[in-house]
Amino acid sequence: MDKIIIHGGKRLSGSLPISGAKNAALTLLPCALLTDEPLTLRNLPRLADIDGFQHLLNQFGVSTSIAGSRPEDFGRVMTLAATRITSTVAPYELVRKMRASILVLGPMLARMGEATVSLPGGCAIGNRPIDLHLKALEAFGARIELASGYVRAIAPDGGLPGGRYSFPVVSVGATENALMAAVLASGKSTLHNAAREPEIVDLCNLLVAMGAEIQGIGTSDLIIHGVPRLHGATYRVMSDRIEAGSYACAAAITGGDVFLKDAVIEEMEATVQALRDAGVHVEPRAGGIYVAADGPLRAVTLSTAPYPGFATDMQAQLMALLCRAEGASVLTETIFENRYMHVPELNRMGAHIETKGRTAIVHGVPRLTGADVMATDLRASMSLVIAGLAAEGETSVHRLYHLDRGYERLEEKLALIGADIERVGGD
């Protein structure tokens, strides 16, 4: 199995391209199921999760083609055509590794009147039930059946009538599934306390480009007027704000300065504020964001929260950065109950982190040391890479399949800005 080897202590400097957003792309891909016309997505990142979702769509009869591109290019262009749906079942063997697979439920139900999807998998970062997805679809008129590890959704004759649903807690995935189900309903649907993440806005913008009628985009109250059909479109996937924040932490922990090309500062304000509180210089520049750290890092106290709060997907990366800050930082994880699995691995590298329930206290240390470490989930993987970039000696990061799910050609990008990093075959 492959591993990444990092010789730390190199100051990162230069320009680095930010890829299309994984979390947005995995929501835009299933929109192909909503129309019999081609959907072309540009700036699609080259990731294992994207390949997995492509195979899932192929299972339904969706044809996919990728425009010619050079191997050295980041991102690609994919055209998807769901001219004829040949299956409405998403089997376990395709769904088990990727939680985002549940996002085919809403669009398939909307177009075909039924969908059967295996209960999803993904990172082991805690309990992530899909009950809110199902309750929203029920509110829009679907009948839900659960049996043998599968969920089956069935629309009334004539399709979903639409309805009204208020989320008891904010859920990104449930908001996305509900939106895709509602756009082809025969009536009006309303969503209250909906998620407001930039990826939700990106989904709404694509659906509108396909002919959907949605009001309240960017707010927690969405009104969807169902239309009889949607048409094809060509659309550019938004830049990945989590990838941008991750590389910002990498630059800062090495005392470096990096230009993050195509990053959008308005989409990552909570991350930017956390970095600034930690003593990192962050400023918008034409075409991206400039990040620099030439002084001591400062301890911070913050909690994860739904957007526009600090993203849970940035918690592990910021924790790695704060290992080198002066004083004690306090991080509270409010979204997932099991998202500190990277802590023991960081402590193996000389960090001093204590956890109690959902709170972690990060005591800054003068140095980190290289070690063999094991990735436990996608963002935890990146936290270990960030720590390795600043550590003395050699760090080996194992279980790269986690990283490959969410970071496009990570070692190549870091090498562009001066990291001593390589991917090698494991034992």
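Structure values in brief
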{"item": "Any hit, segment 291-310, residues being among the acidic types (Asp, Glu), surrounded by fewer than 24 Cβ atoms within 10 Å (Cβ to Cβ) and within 29 Å of Pro17 (Cβ to Cβ)", "result": "yes"}
{"item": "Close pairs from segment 203-231: first assigned by TED's automatic domain parsing to the domain that holds Gly159 and exposed (fewer than 15 other Cβ atoms within 10 Å of the Cβ), partner assigned to a loop (DSSP other than H, G, I, E, B) and of a type in the set (Lys, Arg), Cβ under 9 Å, at least 6 apart", "result": "Gly218/Arg196; Thr219/Arg196"}
{"item": "Answer from Thr116, Thr64 - the residue that is surrounded by fewer than 22 Cβ atoms within 10 Å (Cβ to Cβ), closer than 19 Å to Pro45 by Cα and modelled with pLDDT of 95 or more", "result": "Thr64"}
{"item": "When residues of segment 319-346 are limited to those that are within 22 Å of Glu392 (Cβ to Cβ) and part of a loop (DSSP other than H, G, I, E, B), the one farthest from the chain's Cα centre (by Cα)", "result": "Gly327"}
{"item": "Residues that are within 30 Å of Glu337 (Cα to Cα) and either hydroxyl-bearing (Ser, Thr, Tyr) or in a helix (DSSP H, G or I) (or both), drawn from segment 269-305", "result": "Glu269, Ala270, Thr271, Val272, Gln273, Ala274, Leu275, Arg276, Asp277, Thr301, Ser303, Thr304"}
{"item": "Single residue of segment 250-268 satisfying the filter (part of a helix (DSSP H, G or I) and more than 20 Å from Leu297 (Cβ to Cβ)) that is nearest to the chain's Cα centre (by Cα)", "result": "Glu267"}
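The values are calculated or read from the model by the stated rules, or taken from the named source; none is laboratory data. As the structure is a prediction and not an experimental result, all values here were calculated from the model. Neighbour counts run over all protein chains shown; Cβ positions are idealised from the backbone, glycine included.
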